[in-house]
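Here's the structure, in structure tokens; my notes come after.
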């Protein structure tokens with residue numbers, strides 16, 4: 001099972017790299033055509049924006065670990081372990097419930113956009129914005145699993161590595 005999850009994790013990173021590569025390539029094409037050839041292209045800006053949108057939400061869905069998120073935890077760290085566990089459960093449950101509650105409205109909104117297409121590439125906008133649904137669903141699953149892990153007595157805090165090299169070798173929480 002771990003080998004399959006590791007393989008899927010690597011493929012998710014490949015998708016992120018492809019999206020960023022496409023965004024960079026369209027950016028370079030945009031610069032060359034606009035400033036070297038004096039022939040501005042409209043599709044390159046739209047391609048940059050769409051690939052950026054997908055790269056951000058895809059990366060947040062599949063590439064970020066819990067420990068990668070920025071936290072302001074001054075008050076949180078003042079509590080003993082049991083209190084931090086309760087706070088971690090409450091915050092994880094709130095995030096999972098909020099995103100779960102927003103899914104029907106988000107789906108309606110994205111579905112509504114099937115009637116419109118992007119201006120220059122002609123991509124239906126429901127395809128462009130569908131990545132948000134994947135992100136929201138992924139967030140619900142991740143935080144629901146964190147709630148389950150906390151409730152079952154498992155680890156609830158990501159380890160803080162002392163050496164940046166530890167970031168790649170540590171086990172996900």
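Before moving on, here are some points about what is shown:
- Count - residues of segment 70-94 that are in contact with a helix residue (DSSP H, G or I) (Cβ under 8 Å, 6 or more places away or on another chain) and modelled with pLDDT under 85: 2
- Residues satisfying the criterion are present in segment 151-169 (criterion: modelled with pLDDT of 90 or more, in contact with a helix residue (DSSP H, G or I) (Cβ under 9 Å, 6 or more places away or on another chain) and not in a loop (DSSP other than H, G, I, E, B)).
- For segment 131-150, a residue qualifies if it is touching a residue at least 40 places away in the same chain (Cβ under 8 Å) and farther than 23 Å from residue 54 by Cα, and the qualifying residues are 144, 146, 147, 150.
- When segment 41-64 is filtered for residues that are in a loop (DSSP other than H, G, I, E, B) and either modelled with pLDDT of 95 or more or touching a helix residue (DSSP H, G or I) at 6+ places or on another chain (Cβ under 8 Å) (or both), the ones remaining, listed by number, are 41, 63.
- Scan segment 81-124 for residues that are free of Cβ contacts under 8 Å to residues at least 24 places away in the same chain and over 30 Å from residue 46 (Cβ atoms) and the total you get is 11.
- Test: residue in segment 25-40 that is in contact with a helix residue (DSSP H, G or I) (Cβ under 7 Å, 6 or more places away or on another chain), part of a loop (DSSP other than H, G, I, E, B) and not assigned by TED's automatic domain parsing to the domain that holds residue 138: yes
Conditions (1) loosely packed, with under 14 Cβ neighbours inside 10 Å; (2) farther than 21 Å from residue 9 by Cβ, marked per residue:
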position: 87; (1), (2): no, yes
position: 101; (1), (2): yes, yes
position: 107; (1), (2): no, yes
position: 120; (1), (2): yes, yes
position: 128; (1), (2): no, yes
position: 131; (1), (2): no, no
position: 136; (1), (2): no, no
position: 146; (1), (2): no, no
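- Only one entry of 52, 43 meets the criterion of being more than 26 Å from residue 137 (Cα to Cα), in contact (Cβ under 8 Å) with a residue 24 or more places away in the chain and surrounded by 12 or more Cβ atoms within 10 Å (Cβ to Cβ), and that entry is 43.
- Condition check for residue 12: assigned to a helix (DSSP H, G or I) and touching a helix residue (DSSP H, G or I) at 6+ places or on another chain (Cβ under 7 Å): yes
The values are calculated or read from the model by the stated rules, or taken from the named source; none is laboratory data. Every value quoted in this text rests on a predicted model; they were computed, and no experiment measured them. In this analysis, Cβ positions are derived from the backbone assuming ideal geometry, glycine residues included, and neighbour counts consider all displayed protein chains.
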